[in-house]
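> Let me give you the structure first, and then I'll get to my questions.
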């Protein structure tokens, strides 16, 4: 990251941690073989892959056979959901989940969209109502994001899990924004779960799907070779997986590191004054995310103005960048006009008091200027 930039878009991605770079360098030099090959080069690469699989399984409290490596959180969500008979989900989920809902509906599968109010919370009672609307004999998958990628709202996964169990529904959790940042105390009630390396200072292009159901397996998206028990074909990359493993080593201490960012986030929000409004329930958000709408400013204009001053923020999910529509998450919660004004600021563990002292005057400077349009 260039020294002149101040990066406040950690929910989009995060810079590689030095230990991750070192682990990837070692793997690139020593374990570059094909993990499926039976010779020494292949066995060395396989030892890296399987070591990280064991590491992730231990972190998630499951068996190593339950862990499938993927190209990231999007593929993990797709793999878990693309063959479901019926879906219950909210429109505030990540696009890799909501598009699965749209695709399922287009092929005639029952899809129930759970309503979400201004709080941005998916309430267990709303999930229960959705499940009650479906035939009791139908195999349903409930999907929820543990930490919303735009608002930072922490969902009641444990409560949703209890409801899902009562109705015999599977529960899939998108934990991409939760891993290494909040407690994963809900894991016992989860049937499948998606994670990604690049949100926790690991490399892009690698993630994983936890699939706990030993009586069934996800229908493969990628077919070809017999890698990963035939459930996800394709040669695995020991270099990026080694980087994932190094990032995972930092995960147990992650919640403590991220909780320390709350004071910096609150300091920034206080400096912005009454021209900004919280998007979502401020009492249920993670400590490092601030999603606000700025009176009189379009979110994309605010992003551009701050970018000119060397500050990187966003007006929505990076996966939806470039689309002409405002954030579907904020639109669902608070309406399209509020969504047009939304800005997401997300901090990471390199952000300090000193950096925030540089950031705040620049935010104040932008707020004091006139937007190019309203």
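The values are calculated or read from the model by the stated rules, or taken from the named source; none is laboratory data. Just so it is clear, the structure is predicted and the values come from calculations on it, not from any experiment. A quick note on method: Cβ atoms are made from the backbone with ideal geometry, for glycine too, and the neighbour counts reach across all protein chains shown.
> Give segment 122-134 a look and list any residue that's assigned to a loop (DSSP other than H, G, I, E, B) and either in contact with a helix residue (DSSP H, G or I) (Cβ under 6 Å, 6 or more places away or on another chain) or within 15 Å of residue 173 (Cβ to Cβ) (or both), or say none.
122
> When you scan segment 135-147, do you find a residue that is in a loop (DSSP other than H, G, I, E, B) and either assigned by TED's automatic domain parsing to the domain that holds residue 338 or within 25 Å of residue 254 (Cα to Cα) (or both), even just one?
Looking through segment 135-147, at least one residue is in a loop (DSSP other than H, G, I, E, B) and either assigned by TED's automatic domain parsing to the domain that holds residue 338 or within 25 Å of residue 254 (Cα to Cα) (or both).
> Taking segment 291-304 as the region of interest, how many residues are surrounded by 20 or more Cβ atoms within 10 Å (Cβ to Cβ) and closer than 15 Å to residue 364 by Cβ?
So the count comes out to 4.
> Further, regarding this structure: Out of 90, 80, 12, which single residue is in the same structural domain as residue 327 (by TED's automatic domain parsing), in contact with a strand residue (DSSP E or B) (Cβ under 7 Å, 6 or more places away or on another chain) and closer than 25 Å to residue 146 by Cα?
12 is the lone residue from the list that is in the same structural domain as residue 327 (by TED's automatic domain parsing), in contact with a strand residue (DSSP E or B) (Cβ under 7 Å, 6 or more places away or on another chain) and closer than 25 Å to residue 146 by Cα.
> Can I ask one more? Restricting attention to segment 222-248, which residues are crowded, with 17+ Cβ neighbours inside 10 Å and farther than 19 Å from residue 46 by Cα? Steps first, please.
The initial filter retains those residues of segment 222-248 that are crowded, with 17+ Cβ neighbours inside 10 Å, namely 227-228, 231-232, 236-248.
Those that are crowded, with 17+ Cβ neighbours inside 10 Å and farther than 19 Å from residue 46 by Cα: none in segment 222-248.
> Report those helices (runs of 4 or more DSSP H) wholly inside segment 1-89 carrying at least 3 residues which are out of contact with any helix residue (DSSP H, G or I) (no Cβ under 8 Å at 6 or more places or on another chain) and under 18 Å from residue 227 (Cα atoms).
On the way: elements: 18-30, 40-60, 73-81.
Hits in segment 1-89: 40-60, 73-81.
One line per residue, one yes/no per condition, for (1) surrounded by 14 or more Cβ atoms within 10 Å (Cβ to Cβ); (2) in contact (Cβ under 8 Å) with a residue 12 or more places away in the chain; (3) within 22 Å of the chain's Cα centre (by Cα); (4) at positive phi:
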position: 33; (1), (2), (3), (4): yes, yes, no, no
position: 58; (1), (2), (3), (4): no, no, yes, no
position: 73; (1), (2), (3), (4): yes, yes, yes, no
position: 86; (1), (2), (3), (4): yes, yes, no, no
position: 109; (1), (2), (3), (4): yes, yes, no, no
position: 136; (1), (2), (3), (4): no, yes, no, no
